[in-house]
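> The structure that follows is given in the form of C-alpha cells.
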There are 2 protein chains.
Amino acid sequence: MLTNARLVYQPHDQVRILNAAISRAHDICEAANVRLTPTREAILKLLWQGHQPMGAYQLQQQLAKVSEKPIAPPTIYRAIEFLIDLGLVHRIHSLNAYIGCPFPSSEHSNIFMICEKCNTVAEVSDKRVNNLLEAITDKVGFKLHSQTIELFGLCPNCEPGDSDE
Amino acid sequence: MLTNARLVYQPHDQVRILNAAISRAHDICEAANVRLTPTREAILKLLWQGHQPMGAYQLQQQLAKVSEKPIAPPTIYRAIEFLIDLGLVHRIHSLNAYIGCPFPSSEHSNIFMICEKCNTVAEVSDKRVNNLLEAITDKVGFKLHSQTIELFGLCPNCEPGDSDE
DNA sequence: ATATATATGTAATATTATAACATCACTTAC
DNA sequence: GTAAGTGATGTTATAATATTACATATATAT
C-alpha cells in the first residue's frame with residue numbers, strides 16, 4: 001500500500017518537500033524528452049502546495065498574483081493536460097479540480113481521499129483494490145482499462161473523535 | 001455481488017422492464033411522500049432507457065421531442081437532483097452525465113462500468129470493495145462517508161476477444 | 001541562420017450548472 | 001369550496017468549467 005497520507009495529514013517541511021518534488025519532475029520531463037516550462041512548473045507547484053485540489057480558474061487567479069501577464073484558460077488547460085499525461089497531476093472528477101500526484105512515475109491506480117471539511121486530498125494506491133476490481137469486472141465480462149476512485153469523508157485532523165496516528 | 005450487467009449487456013424486453021421500474025419508482029415516491037411528476041417521470045424514463053448516461057442538456061433535447069413546451073435547464077437539474085436524492089438516478093462524475101439506478105431503494109455503494117466504445121454503463125455493488133476501502137481508509141485515519149467508483153473499459157459486446165456470458 | 005517542432009497568446013464560444021424571483025398547481029384546513 | 005401554505009415549475013440571467021481555431025513566439029536541431 002502506497003500512500004501520502006502522513007505527508008498530507010501531518011506537519012512537514014513544505015519547502016524542502018516541494019523542492020525535491022520539483023526536482024524529480026524535472027528529471028521525469030528530461031527522461032521523457034519534454035519541457036517543464038515556467039508556466040507548467042508554476043502550475044505544478046500550486047497543485048503540490050497544500051495538498052488541496054484547485055480548479056483551472058483558481059489556478060489562473062493564483063498565477064496572476066505571481067506572473068506579470070495574465071494567463072488565459074487555454075494555456076492553463078494545456079499545462080494541466082501536459083502534467084496529467086506525465087502522471088505529475090491527477091484530475092479529481094467529482095470536484096472538477098486538479099491535484100499534484102505524490103508518487104509520479106510509479107505505475108499505480110489511485111484512490112483519492114477527499115476531506116469534506118478541510119478539502120485536503122490524500123492519495124493511496126493498493127494492489128488489492130485493483131485485483132478485486134479486476135475479479136469483479138472479469139466475472140461480468142467487462143475488460144477493465146482504467147479507473148477513478150474518489151472517497152469522501154473526514155481526514156484525521158477533521159475527525160472529531162480521536163486525532164491519533 | 002449485485003449487478004445489472006446481464007440486463008445491460010444482453011437483449012431483453014425493454015418495455016416490460018421499464019414499466020416495472022417506473023411502477024417501482026412510483027411506489028418509492030409514495031412511500032417517501034413525494035411526487036413523481038410527469039417531468040420527473042419523463043426524465044427518469046430517459047435515464048433508464050438504453051443504459052446510457054445522458055447529460056442535462058441531452059435530456060432537454062430529448063424532452064423537447066416529446067413535450068410541447070421546451071423545458072429549461074433549472075427544471076432539468078431540479079428533477080435530476082430529486083431523482084438522485086431518492087436513489088433512482090446516479091451521477092457519473094467523469095462524464096458529467098446521469099444514469100438510472102437499476103436497484104434503487106437497496107442501500108448500496110456503486111461501481112460503474114463505463115464502456116469506452118458503446119458508452120453503456122452497468123452497475124455493480126460488492127460488499128468486498130466497501131470492506132476493503134474501509135480497511136484502507138481506517139489504516140490512515142480517514143473516516144469514510146461515501147464513494148465514487150467509475151471504471152472504464154470495454155463491455156462484453158465491444159470486447160473483440162470473446163463475446164460469451 | 002534557418003527550418004521544424006513545440007509552446008503560448010488571443011478571441012470567441014461551447015458546455016455544464018446555478019441563482020433569483022415569479023407563477024402555477026397541488027394539498028390541507030377551515 | 002375557498003384561502004393559506006407548500007411544493008413544483010417557468011423565466012431570465014449568469015456563473016463556472018472547458019474547448020476550438022488560428023496567430024504568434026520560443027526553443028531545438030541541422
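Quick note: the coordinates plus some simple rules give every number you see, no bench work behind them. Values in this document were obtained by computation on a predicted structure and should not be read as measured data. FYI the Cβ positions are ideal-geometry reconstructions off the backbone, even for glycines, and counts take in every protein chain you see.
> Between A:T39 and B:K117, what is the label-to-label distance in nm when each label sits 7 Å out along the Cα-to-Cβ direction?
For A:T39 paired with B:K117, the spin-label model returns 3.8 nm.
> Given H placed 1.01 Å from N in the peptide plane, which residues other than close sequence neighbours of B:C101 have an amide H under 5 Å from its amide H?
B:V89, B:H90
> Mean separation of Cα pairs under 8 Å and 6+ residues apart, divided by the residue count of chain B: what relative contact order is that in percent?
Over chain B, the number comes to 24 percent.
> Then there's this: For the protein assembly as shown, give me the percentage of DSSP beta bridges that are antiparallel, rounded to the nearest 5 percent.
Rounded to the nearest five, the antiparallel share is 75 percent.
> Please build a GNM for chain B, connecting alpha carbons under 10 Å apart, and tell me which residue among B:P53, B:P73, B:P104 fluctuates the most.
For chain B, modelled as a Gaussian network with Cα springs under 10 Å, the answer is B:P73.
> At 7 angstrom along the Cα-to-beta-carbon line, where would the label on B:V66 sit relative to the other copies? Give the distances in nm, shortest first.
5.0
> Related question: Can you return the aspartates and glutamates within cross-link range of B:K45? Criterion is Cα-Cα under 18 Å, with same-chain partners fewer than 8 residues away left out.
Within the straight-line cut-off, B:K45 pairs with B:D13, B:D27, B:E30, B:E68, B:E81, B:D85, B:E123.
> Which percent, to the nearest 5, of DSSP beta bridges fully inside segment A:2-153 are antiparallel?
Of those bridges, close to 70 percent are antiparallel.
> Among the lysines, which fall within straight-line cross-link reach of B:K143, defined as a Cα-Cα distance under 22 Å, with same-chain neighbours fewer than 8 residues apart omitted?
A:K117, A:K127, B:K127
> So the label point goes 7 Å from the Cα of A:N157 along Cα→C-beta, right? Which residues of segment A:37-62 then have their backbone N under 14 Å from it?
A:49-53
> Based solely on its DSSP helices, what 222 nm [θ] is calculated for chain A when runs of n ≥ 4 H residues each add -39,500 (n - 2.57) and the sum is averaged over all residues, nearest 500 deg cm²/dmol? Walk me through the numbers on the way to the answer.
Details: 6 runs with 73 residues, N = 165.
Taking each H run of at least 4 residues, the total per residue is -14000 deg cm²/dmol.
> Measuring label to label, 7 Å along Cα→Cβ, what does A:A31 give against each other copy in nm, shortest first?
5.4
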